[in-house]
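The block underneath contains the structure these notes are about, expressed in structure tokens.
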């Protein structure tokens, strides 16, 4: 087991950071939040696809690069640092499931090229004030309602979870957009009465769920890393009583705790990614533990960053709220902290 990135992995990290800094700076994220109706810039999405990011972990037969979970974690950590808008993780997960089942290679090639979108519709639980409409599958069709479907208003197809396993459903769809905390992450309810193609059983979905936990954890790691760096720079320049506020011991203790959270999360994320790539038997436990810890830690670190910036930390003009909102969104999706804790306990035999 390596405890550092290989030369190729370090190159991937550095090139991704440089690419995102030049092509997707935070000014573009703000523009998407304030002006886009879909939560991402289609032109920038095609650019990501052209650079090979969408096909990062997909097999070569569909135009992918065939890399593993560690490489995906590296890219998603950098996307977290840049607070990239759009459906990247959702699309990669759905495309991986479709490709693994060899259900529609033509669709996956279009996804890899950036010309089509597919995400996963898996939430059957209605939110407060609505009635449940359970999704049923039979006779080659799927019927019912899925809730909180990511970027449902933009997709060409959906992977829909059912009691018998995931199925692939082609659009168009009837969607009800939802108000979201993070305006660069869009969700909608989807009413389904569509023809469906099977994508395997629950075991295939479980493997993608573990990949989702690692991917979301890596994004959370990037978010909190950037917030810590921003806060460290601020406390060295902001002065009180004629000295930098970073010189005060109370703030130093809080910064040390933030650093501990970031580095502990880094260890958990890359151990889980390595477990997935190597097929280690402890992968279910490692992935669930990483997501549970990362969700709680990112909320703490991003919240502390806002607090330590004082009054300006709460303003729209400062970028910290973008990171906090993304962290809160990721904390609840791809397995909430509570759900991942239960999964970790089950994987550990409790």
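Coordinate-derived values only; no laboratory data. Source: prediction; values computed, not measured. Using ideal geometry, Cβ is built from the backbone for each residue, glycine included, and neighbour counts are taken over all protein chains shown.
Starting from 0.36 nm per residue, how many nanometres of slack lie between residue 251 and residue 134 once their C-alpha separation is accounted for?
Numbers: separation 117, 0.36 × 117 = 42.12 nm, distance 4.99 nm.
Taking 0.36 nm per residue and subtracting the Cα distance, the gain is 37.1 nm.
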- Item | Estimated inter-spin distance, residue 318 and residue 19, nm [label 7 Å along Cα→Cβ] | 3.2
- Query: Ranked highest first by the average count of other Cβ atoms within 10 Å around their residues, in what order do 92-98, 9-15, 325-331 fall?
  - Reply: 92-98, 325-331, 9-15
- Pick from 104, 189, 90: which residue has the top mean-square fluctuation in a GNM of the chain where Cα pairs under 10 Å get a spring? 104
- Item | Nitroxide proxy distance, nm - points 7 Å out along Cα→Cβ at residue 179 and residue 233 | 3.4
- Note on the structure: For the residue 153, residue 342 Cβ pair and Förster radius 35 Å, calculated FRET efficiency rounded to 0.05 is 0.65
- Query: Taking the Cα atoms only, what angle lies between the long axis of helix 7-23 and the longest principal axis of the chain, rounded to 10 degrees?
  - Reply: 80
- Query: How far, in degrees from 0 to 90, does helix 202-237 lean away from the longest principal axis of the Cα atoms of the chain, to the nearest 10?
  - Reply: 20
- Query: Gaussian network model of the chain, Cα springs within a sub-10 Å range: biggest mean-square fluctuation belongs to which of 69, 121, 195?
  - Reply: 195
- Note on the structure: Quick note, the range 7-112: a/c under 1.5 would make it rounded; otherwise a/b > b/c is prolate and the rest oblate (a ≥ b ≥ c, C-alpha gyration tensor); here it is oblate
- Query: In deg cm²/dmol, rounded to 500, what helix-only [θ] at 222 nm does the chain give when every DSSP H run of at least 4 residues adds -39500 (n - 2.57) and the total is split over its residues?
  - Reply: -18000 deg cm²/dmol
- Task: Would you look at the GNM of the chain, springs on alpha carbons closer than 10 Å, and say which of 19, 151, 241 moves the most?
- Result: 241
- Between the Cα axis of helix 337-347 and the main Cα principal axis of the chain, the angle (0 to 90°, nearest 10) is 70
- Before anything else, pin down the relative contact order of the chain: Cα pairs under 8 Å, at least 6 apart, normalised by residue count, whole percent. 15
- Query: Could you state the number of Å between the C-alpha centres of the range 304-318 and the range 12-58?
  - Reply: 26
- Message: For a Förster distance of 30 Å, can you work out the FRET efficiency between the beta-carbons of residue 242 and residue 10, rounded to the nearest 0.05?
- Response: 0.10
